[in-house]
Amino acid sequence: MAPRLPVVIALSLASAAVFGAPVGVLALGEGTRVEVRGIVIDGLPEPRPSARRRLAWEVRKRTSIETRLRPGRARLDDPSIFETPLLYLAGDRAFEPLSEAEVVGLRRFVEFGGFVLVDDASGGSAEGFDASVRRLVGRAFPDERLAPLPRDHTVFRSFFLLERPVGRVRGGRDVEGVLRGNRVGLVYSRHDLGGAWARDNLGTWQHTVTPGGERQRELAIRLGVNLVMYALCLDYKDDQVHAPFIMRRRAGTP
Amino acid sequence: MLAARFELGAGWVWATLLGLALVGAVVLTARELRQASGIARERRLALLALRSVTALLTFLVATQPRWLERRVEEIEGRLAVLVDDSRSLRVADGERSRADAARALVERWQERGTPGVAAFRFGSELRAASLGEIAAGVPARDDETRIVHALRELATGEGSEDLGAIVLVTDGAESDRAAPVLETAGVKVHAVALGGDVPLVDDAIAELEADPVAFLRQEAEVRVVVRALRATGGAAQIPVTLWEGEQVVREALVDVPAGGEAEVTIPFSPRRLGRAVYRVTIPVPSDDAVPANNERAFLVRVTRDKLRVLLVAGRPSWDVRFLRAFLKRDPGTDLISFFILRTTSDLTLAAPDELALIPFPTDELFREHLGSFDVLLFQNFDYGPYQMAAYLPRIREYVERGGAFAMIGGERSFGSGGYAGTPVADVLPVSLPRAEASEATLVREGSFRPVVEPELVRHPLVALRREPAASFAAWARLAPLEGTNRFEGLREGARVLLARPGRRGKREPLLVTGRFGEGRVLCFATDTSWRWGLTTGGLQGDASAFERFWDRAVRWLARDPALEPTRLTTDRERYGPEGRVRVVGTVADARYRPIAGEAVRVRLLDATGTELGARTVQTDREGGLEAALEGPAEPGAYRVVVERPGEEGDALGEEGFVVELGGDELADPRPRPERLRALAEGTGGRFVARAEDAPSLDAFDATRSRVQGVRERAPFASPFAVGWLVALLIVEWALRRRWGRR
């Protein structure tokens with residue numbers, strides 16, 4: 001079914017003036033909002049403490065998703081990880097092997113539908129965190145391994161149309177993922193996404209983004225939004241009705 | 001009396017092959033010995049004789065011949081007359097019908113006096129009668145001719161001990177193609193054939209086979225076998241026509257050899273959902289003896305190959321994500337989903353061509369294609385921002401005409417979605433607060449565990465287990481939900497399946513079902529059912545409750561027959577005129593509680609809803625029902641419905657069937673005298689080829705053979721025979737070595 005353009009459109013910018021929706025409340029409670037919950041690992045400090053809050057804020061500002069602006073943290077062996085389907089793990093150094101309970105917690109979380117974003121805050125300049133992550137993924141998902149996501153993966157068009165991943169650093173052209181069935185249950189970026197998102201309490205960006213400057217920061221934020229959108233919509237943008245629009249816009253993108 | 005019989009334990013084929021092989025071995029031995037030099041003639045003959053004896057003993061040991069001696073007692077018994085009452089007896093092979101011939105014969109027997117003779121009719125089952133009743137007329141109404149079944153029941157059933165012989169009066173047109181071997185326990189069967197003396201002239205639809213379920217607008221097939229029995233001429237080209245109502249769907253030509261059959265497969269594509277009655281016809285020649293079998297009918301339940309579900313979500317959320325993922329994964333669902341990813345208050349900070357967003361095609365979805373969906377799901381979706389007010393009456397109309405609609409909770413649903421006072425609110429089983437109401441009136445925050453309403457614990461949406469107690473326990477183990485939409489009240493007909501516990505024992509509706517017009521409606525006032533998947537799964541290792549709930553919900557909305565409270569089946573889908581319609585099933589009320597030990601009314605209705613017959617029957621302890629009704633006489637589509645007495649028009653359940661003029665019974669009305677002859681001779685009875693030639697009843701032998709004992713002699717079944725065989729082989733081997741042979 002090819003949607004007709006002259007229809008009333010909800011999402012196009014042209015419909016900006018049409019509203020007055022009688023929305024009386026914002027949510028059925030804080031617990032129904034999307035939370036970017038951090039993973040706590042012993043001996044691994046959170047390198048960009050404001051990153052998850054900033055990402056939540058950007059997602060709320062740019063999309064219709066309602067987010068928690070004060071996201072929490074939990075260990076992987078804490079049953080509370082199953083109360084929100086999105087976890088975020090960032091680090092800039094190696095960490096000790098996790099306990100079996102933590103590994104099982106990660107495996108169960110992904111198997112029952114959760115999504116994990118792993119962010120190498122070193123931007124690929126150090127190997128300690130990378131080695132620890134690969135060891136953890138190997139233990140949690142022995143039948144799967146981290147593999148680069150193809151350039152046309154839904155992650156790059158779940159909301160914004162993106163050509164490649166970037167973060168605080170430009171980094172490699174790929175992000176990697178662990179497939180569970182036909183969805184990606186874990187995404188691993190070595191671009192220090194959190195470094196590009198982080199702001200201090202006064203709103204000042206905390207890290208310089210290189211080499212692309214503020215445009216690159218904007219693209220890193222868009223990738224963060226896309227990842228959250230992917231966690232919530234999975235392959236929605238692969239649905240047949242979206243294809244002609246996305247193809248047309250891709251063709252026009254330099 | 002002694003009856004002796006010789007048998008081979010190994011079977012004749014195997015014995016013959018073995019015998020030939022052994023004879024060959026002896027011949028080869030003879031040739032070898034003849035060509036051998038240096039061995040005396042006497043020794044050659046001795047070796048050959050030894051080989052021959054060994055071969056013979058091998059044959060006897062391997063084939064195990066035995067001699068059976070039976071001591072049989074002949075007892076004078078009663079005589080029973082068994083008369084065919086199936087519709088094939090209506091066929092006229094000459095000037096009069098087979099039924100008339102049978103009636104005249106029984107009348108003749110009765111006139112001559114028949115003391116002690118019992119009489120029975122049979123068709124699909126055995127029924128006691130009297131010769132007087134049969135002499136008065138053979139109605140020939142049964143849809144089946146189960147000869148072997150009737151004979152076996154009569155010969156071995158209750159009261160058969162003193163029965164000596166059965167006089168069977170039939171055309172031999174057995175319906176049961178896989179009829180078991182007849183065992184009459186020594187009772188003789190004398191057969192009087194009807195209709196075997198005049199060749200039958202009949203073009204017929206011998207077989208018709210179509211899938212009982214077909215998919216909308218997808219090609220289905222009906223397989224038709226046509227038979228041509230004609231007085232003159234060779235092969236015939238016969239047109240076969242498929243009809244739906246009075247509309248020709250397709251026509252095919254089939255070349256039928258003289259006196260034979262030919263098959264043709266006709267494709268067709270159902271155009272409407274629901275039950276459809278099709279007919280297949282062939283022309284009726286002027287001399288056709290059975291015009292009724294030139295037309296057959298069949299019933300097809302037309303469904304979609306997949307459930308078409310439209311899911312519209314006001315924003316991405318975890319509930320949306322888990323529900324869409326489940327529906328997308330389900331191979332039985334064709335899902336179209338639209339999520340509002342951005343509202344006008346959101347600032348994307350990107351040019352339109354940098355966004356992967358598409359317009360929301362409201363006009364196409366809600367004006368052009370709404371009717372093509374089986375289920376419409378609004379998940380946390382508010383219509384206001386999308387100028388959809390004009391489409392809301394269409395949604396109401398869609399449900400009223402039989403569509404299914406569910407509204408799933410969230411801050412953009414129900415009252416807070418602005419639906420109060422709209423046409424969509426009309427279809428909901430709950431009344432909504434207005435959007436301007438206070439937040440506490442619209443929603444209630446906080447974590448809670450839903451409770452199942454005990455009255456509805458057997459409803460498929462909430463029956464997590466078969467037993468109510470286990471269901472309650474299973475619900476109590478699920479992860480708690482968070483936040484609910486609130487309602488002002490319930491509408492008439494609303495059923496609250498799940499509730500949120502409140503203060504002082506007060507409960508707020510959480511899962512409510514209802515009907516609007518022909519359609520089904522479901523309200524689910526939360527957006528955290530995903531917790532039954534991830535949270536329950538993560539903590540307990542079992543996430544099946546989420547999928548089970550939504551699978552049942554969507555199927556219930558789409559009226560999956562397997563989820564209906566009452567389920568009925570008829571013993572056949574096609575009957576002949578005035579056939580006996582047997583109905584079995586389980587009966588439950590709209591709350592899925594078995595209607596156990598109660599009187600229910602089973603009514604037979606035609607296509608216009610006119611009642612043609614009814615019976616009141618008692619259900620068993622689990623709501624089981626069995627009933628038999630006299631079938632209609634006219635061909636067409638019919639249904640049986642079950643209702644509670646005094647609640648006519650409010651059917652608990654129904655099942656459809658068709659009535660054909662011919663049906664299976666007349667598909668092959670050819671008489672089978674040869675089969676009757678074999679049957680009679682196999683039991684020691686007498687075969688009479690024509691009813692006119694039948695002697696009086698006292699001329700039929702009514703002595704019954706009873707086996708008193710059996711003596712078996714099997715001389716080669718002992719270990720000694722094997723020992724002798726081994727000894728012979730050793731002696732032969734030793735002599736051959738001694739005399740210079742290998």
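Some observations on this one:
- Segment B:190-248 and segment B:87-118 have their alpha-carbon centroids 29 Å apart.
- For segment B:600-635, GluC sites (Glu not before Pro) meeting the loop criterion (DSSP other than H, G, I, E, B) and having at most 13 other Cβ atoms within 10 Å: B:GLU622.
- Inter-site label distance for B:ARG465 and B:LEU216 at 7 Å from Cα along Cβ, in nm: 3.9
- Separation of alpha-carbon centers, segment B:529-567 and segment A:188-229, rounded to whole Å: 40
- Taking 0.36 nm per residue of separation and subtracting the current Cα-Cα distance, fully stretching the chain between B:ASP693 and B:ALA104 would add 210.8 nm.
- Subtracting the Cα-Cα distance of B:SER130 and B:VAL248 from 0.36 nm times their residue separation leaves 37.7 nm of extension gain.
- Mean sequence separation of contacting Cα pairs (under 8 Å, at least six apart), scaled by the length of segment B:104-251, corresponds to a relative contact order of 14 percent.
- Test item: Cα-centred dipole of chain B, Lys/Arg +1 and Asp/Glu -1 on Cβ, debye: 3840
- Relative contact order, whole percent, for chain B stands at 16, derived from Cα pairs under 8 Å and 6 or more residues apart.
- Residues whose placed amide H lies under 5 Å from that of B:GLY576, excluding near-sequence neighbours: B:GLU660
- Spatially proximal lysines relative to B:LYS328 (Cα-Cα < 18 Å; intrachain offsets below 8 disregarded): A:LYS237, B:LYS306
- FRET efficiency for B:ASP701 and B:ARG738, using Cβ-Cβ distance with R0 set to 51 Å, rounded to 0.05: 0.15
- For B:ARG704, residues with placed amide H under 5 Å, excluding near neighbours: B:ILE75, B:GLU76, B:GLY77
- Computed from point charges on the beta carbon alone (+1 for Lys and Arg, -1 for Asp and Glu), the dipole magnitude for segment B:229-378 about its Cα centre is near 600 Debye.
- Look at where the Cα atoms of segment B:597-652 and of segment B:676-696 average out, and the two centres are 44 Å apart.
- Extension gain, B:ARG34 to B:ASP305, is 89.6 nm, computed as 0.36 nm per intervening residue step minus the present C-alpha separation.
- Annotation note: trypsin sites (Lys or Arg not before Pro) in segment B:181-227 located in DSSP loop regions with a Cβ neighbour count of at most 16 within 10 Å are B:ARG217.
- Beta bridge orientation in the protein assembly as shown: antiparallel %, DSSP, nearest 5: 65
- Spin-label model, A:ASP78 to B:GLU630: label points 7 Å out along the Cα-to-beta-carbon direction sit 7.8 nm apart.
- Per-residue mean of foreign Cβ neighbours for A:80-89 is 4 (Cβ atoms of other chains, 10 Å radius).
- Around the Cα centre of segment B:640-742, unit charges on the Cβ atoms of Lys, Arg, Asp and Glu (plus for the first two, minus for the last two) sum to a dipole of about 2480 debye.
- Cβ-to-Cβ counts within 10 Å put A:LYS61, A:LYS237 in ascending order as A:LYS61, A:LYS237, the fewest first.
- Rounded, prolate or oblate (a/c below 1.5 giving rounded, otherwise prolate when a/b exceeds b/c) for segment A:83-135 by Cα gyration tensor: oblate
Quick note: the coordinates plus some simple rules give every number you see, no bench work behind them. Quick caveat, the model's predicted, so the values are computed rather than measured. Methodologically, a virtual Cβ is constructed for each residue, glycine included, from the backbone with ideal geometry; neighbour enumeration extends over all protein chains shown.
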